[in-house]
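One structure is given below, encoded as structure tokens.
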Amino acid sequence: MNRLEALEHFHKTYAEEVLNQKIHHVASLYEQRKEELILSFIQSFQLICQQAKHIEVSKARIGYITYSMRRTYLMERNYNYIIGAYDKSWFFDPGPYQGVYDAGWAFSFWGELVDELSQLRKPYMNKVIQPDVERFARQAVKEFHKYILQLAQDAIPLAIQIPEFKVLSCEDDLEVRIGEYKGISKVVYSAADGILHDSTR
């Protein structure tokens with residue numbers, strides 16, 4: 001079989017099956033530990049709010065709180081999302097407050113996917129090479145990210161009720177977003193849809 005045939009065989013025989021297994025593991029873990037995971041997410045949200053409140057005298061109101069996945073981190077097996085609290089200029093804010101959220105509960109399975117496929121490619125005698133595995137893994141990232149997004153959507157109604165968030169100086173249209181660093185992100189909370197705290201404080 002030539003390289004193209006080997007790659008197609010590898011994808012159909014191994015890669016898609018292993019990916020499905022890993023996603024199933026993430027989904028099962030999420031259902032089993034949902035309350036604990038929600039609490040952990042809220043704690044990360046609480047910490048970024050505390051940090052922003054502690055030094056907000058030097059900044060305008062908070063316009064965005066973002067949880068950002070970085071693919072460069074993933075390739076280094078760093079499963080932290082960067083949490084940023086920005087003013088209304090968002091990524092142009094010269095001094096955002098930053099924290100981290102450990103998404104290893106989901107992305108450790110992504111790491112297992114890479115490791116297992118790296119072994120499974122070897123019998124193909126260099127017709128399937130490591131960059132092929134890494135390319136497949138990069139495309140699969142979004143499948144794992146979906147569970148971080150789901151967690152954020154489940155946790156945010158509770159997170160925005162915590163005192164540390166309610167006392168923040170925020171823009172009236174503050175958004176909490178989850179996505180890729182300086183890339184596509186999804187709004188999981190918009191204050192403009194219903195301000196739940198006093199934004200004038």
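Within the set of pairs 6 or more residues apart or between chains, which connect a residue that is closer than 14 Å to Met69 by Cβ inside the range 96-118 to a residue that is open to solvent by 20 Å² or more (accessible area, probe 1.4 Å) and in a strand (DSSP E or B) with Cβ atoms less than 6 Å apart?
From residues that are closer than 14 Å to Met69 by Cβ, the pairs are Val100/Asn80; Asp102/Asn80.
If you check every pair at least six apart or on different chains, which have Cβ atoms under 7 Å apart with a residue in the range 29-43 that is at pLDDT 95 or above first and a residue that is open to solvent by 30 Å² or more (accessible area, probe 1.4 Å) second?
Going by the 7 Å Cβ cut-off, the qualifying pairs are Tyr30/Tyr147; Ile38/Asp154; Ile38/Leu158; Ile42/Leu158.
Residues that are open to solvent by 30 Å² or more (accessible area, probe 1.4 Å), basic (Lys, Arg) and within 19 Å of Gly179 (Cα to Cα): does the range 6-17 have at least one?
no
Mind checking whether some residue in the range 95-110 is closer than 30 Å to Gln21 by Cβ and either charged (D, E, K, R) or in a loop (DSSP other than H, G, I, E, B) (or both)?
Yes, the range 95-110 has at least one match.
With Leu113, Leu120 as the choices, which residue is at pLDDT 95 or above, surrounded by 21 or more Cβ atoms within 10 Å (Cβ to Cβ) and under 28 Å from Phe10 (Cα atoms)?
Testing whether each residue is at pLDDT 95 or above, surrounded by 21 or more Cβ atoms within 10 Å (Cβ to Cβ) and under 28 Å from Phe10 (Cα atoms) leaves just Leu113.
Run down Lys88, Lys34, Lys12 and say which single residue is in contact with a helix residue (DSSP H, G or I) (Cβ under 9 Å, 6 or more places away or on another chain) and of a type in the set (Lys, Arg). Working first, answer last.
Details: Lys88 fails: in contact with a helix residue (DSSP H, G or I) (Cβ under 9 Å, 6 or more places away or on another chain); Lys12 fails: in contact with a helix residue (DSSP H, G or I) (Cβ under 9 Å, 6 or more places away or on another chain).
Only one candidate qualifies: Lys34.
Filter the range 153-182 for residues that are among the hydrophobic types (A, V, I, L, M, F, W, C) and in a strand (DSSP E or B); which is surrounded by the most Cβ atoms within 10 Å (Cβ to Cβ)?
Pass one, the range 153-182, residues among the hydrophobic types (A, V, I, L, M, F, W, C): 155-156, 158-160, 162, 165, 167-168, 170, 174, 176, 178.
The next check asks that each one be in a strand (DSSP E or B); those that pass are 170, 174, 176, 178.
On the way: Cys170: 27, Leu174: 25, Val176: 22, Ile178: 24.
Out of the qualifying residues, it is Cys170.
Only one residue in Ala15, Ala60 is among the small types (Gly, Ala, Ser), more than 18 Å from the chain's Cα centre (by Cα) and farther than 30 Å from Ser169 by Cβ. Which one?
It is Ala15.
The values are calculated or read from the model by the stated rules, or taken from the named source; none is laboratory data. This structure is a prediction, so every number in the text was calculated from the model and none was measured. Here Cβ is always computed from backbone atoms with ideal geometry, including for glycine, and neighbour counts include all displayed protein chains. Side chains are part of the model used for accessible areas, which takes the heavy atoms of the whole protein and leaves out ligands, DNA and RNA. Shrake-Rupley method; radii C 1.70, N 1.55, O 1.52, S 1.80 Å.
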